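Structure first, then comments.
Nothing in this text is a laboratory measurement; each read-out follows from the coordinates by a stated rule. What you see is a predicted model, and the numbers here were worked out from it, not measured in a lab. A quick note on method: Cβ atoms are made from the backbone with ideal geometry, for glycine too, and the neighbour counts reach across all protein chains shown.
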Amino acid sequence: MSEPRVKRIKTCLPLCKTHLSTAGSQVRQNFPTVVEESLCGVSTLLMEVSYRLEALARIFEQSDLSLPRVAAYFHQESVKELERAEAMLHYLSQRGGKFCGKNIQRPVTENVCAVLPGLEIMLDQWKEEMSVMVELNQLAREYGDPHTASVIKSQFVEPLVPKVKLVGDLLTSARRVGCTSDSTGGFGEYLIDQLQETLTA
């Protein structure tokens, strides 16, 4: 069955531009190529988010910062992002699609030396991820693939909503207790580290 000729929405989805489609797959059914390319590209994005969060976790493990609960929180969320990437790859495979594998970008977290910028990076990542997932849901609907749209909404969009709210609240708390974007946050960072105990429990 050919793909419906729908005007392509303007998108900022991380498409896999060198994607090798598996059009001849026996299990493939009502799976538009553009949706397959998007799933392939978005799964790489999730891996990059996981890598970035793990890099932040390592920063807060260093002896000059030593915020173990903050580090544990970033590590925990990194693992969850990797699980989400694996879930998307599993879904892609179930639908008869193919993952191409691309180079994962550097995390670019070298200049982070305080909790506040770390949380800001995390919030920006999740807001970007939320935007991408909503677009992916819309793309699947436009190309007549309601199953993918449903999976994206239930497994990838809905779990992000409380995460974005939680990190937004943490940022507000961090600013209120005097955390800064440089290494002068002092006691405020210690208080945020103590707060993390409830997040990683």
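Worth pointing out:
- Annotation: peptides 110-119, 173-182, ranked by per-residue average of other Cβ atoms within 10 Å with the highest first, follow the order 110-119, 173-182.
- Full-stretch length increase - residue 175, residue 153 - with 0.36 nm per residue and alpha-carbon distance subtracted: 4.7 nm
- Projected area, mean over directions - the range 112-201, Cα convex hull, nm²: 6.4 nm²
- The relative contact order of the range 75-201 comes to 28 percent, based on Cα pairs under 8 Å that sit 6 or more residues apart.
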